[in-house]
Structure formats: structure tokens, C-alpha cells
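The values are calculated or read from the model by the stated rules, or taken from the named source; none is laboratory data. Keep in mind that what you see is a predicted model, and the values were worked out from it rather than measured. Every residue, glycine among them, receives a Cβ derived from its backbone with ideal geometry; neighbour counts consider all protein chains shown.
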Amino acid sequence: MDTTLQSYETSHGDDEGYAGRIDVVTGPSGRRRWPEHVKASIVLESFRDGISVADVARKHGVSAPQLHAWRRAAREGLLPMPQDDALGLVPVLVCSDGGDDGEASDASSIEIDIAGVRIRVAPGFDPDHLVRVIAAVRSAS
């Protein structure tokens, strides 16, 4: 029997005491098993800028809630992800003394170190412009 197709057998009985129908379903159950590396590549695709999770899920035939669960697993370290910088995460170090170089820093600003370049971001800085600055620093390094 071909395992890619489902077959159905139905049995009806007129015997005394039997008041229903029995269906026996063989073959795949419809649940798919995704290899870890495939999940990781779909998750990476969903983290790209300007990409909708729903669009990525639809493209790969996955439900959006399932893809959100995979993304959560990746953030929590439960889904093995490639060791490159594909997620675009930046390490964060919290300092109360104004930084490690002795310079005074505004307590409400943040500093981002990328490839040896320190970016000091003041409150109210335009987030879209910050994305462009970080992309420029990454492409130059």
C-alpha cells in the first residue's frame, strides 16, 4: 500500500448491541515533522527586516502560531540556530559608571558596540535612522 495516501474502511453492523460505525484510517496522519535545520531556516527568514511572519508561514505551509512558537524557541535557545549574526542581535552590557573608557555618559542614553565602533544613542533618536546607521556600520566592517 502506498504510504502517501490515506485509506478508509467503514464497517456497519446489523448485529445486536452495535449501534455505530467504525472508521479505520491508515497512512500519514497529516501532522508533519520538520527537521531542526528546516525550522531554523524558516525562523531566520521570518526575522528579516520588512518580512511578515504570516507571509513566511504561508510560503512554507506552516501556521503562523506554529512559526511564532518556533521563533520563541529560538529566542529561548531551545531551537538550534546557526552561529552567524543572522538574527541581528547585539550584545548588551549595562554599566553604571558611564562605560569602560572613563567617558561620562548620559544615564538615559544607550551605547552599542559593533565591530569596534561605538554608537551612542540619545533618547528620542529616530529608530529608523538607527537601523540605517547600524546597517552602514555592519556593511563597512
Selection status of residue 139, part of a helix (DSSP H, G or I) and either touching a Phe, Trp or Tyr at 6+ places or on another chain (Cβ under 6 Å) or modelled with pLDDT of 85 or more (or both): no
Verdict on residue 26 being among the β-branched types (Val, Ile, Thr), outside the structural domain of residue 128 (by TED's automatic domain parsing) and at pLDDT below 65: no
Residue in segment 4-20 that is farther than 30 Å from residue 130 by Cα and at pLDDT 70 or above present: no
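Within segment 98-105, identify whether any single residue is surrounded by fewer than 12 Cβ atoms within 10 Å (Cβ to Cβ), among the polar types (S, T, N, Q), in a loop (DSSP other than H, G, I, E, B) and modelled with pLDDT under 85, and answer yes or no. Explain how you work it out, then say what you get.
Taking segment 98-105 first, the residues surrounded by fewer than 12 Cβ atoms within 10 Å (Cβ to Cβ) are 100-104.
Adding the requirement that they be among the polar types (S, T, N, Q) leaves none.
So far as segment 98-105 goes, no, none of its residues is surrounded by fewer than 12 Cβ atoms within 10 Å (Cβ to Cβ), among the polar types (S, T, N, Q), in a loop (DSSP other than H, G, I, E, B) and modelled with pLDDT under 85.
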Residue list for segment 38-56, restricted to those being without any contact (Cβ under 8 Å) to a residue 12 or more places away in the chain and aliphatic (A, V, I, L, M): 38, 51, 54
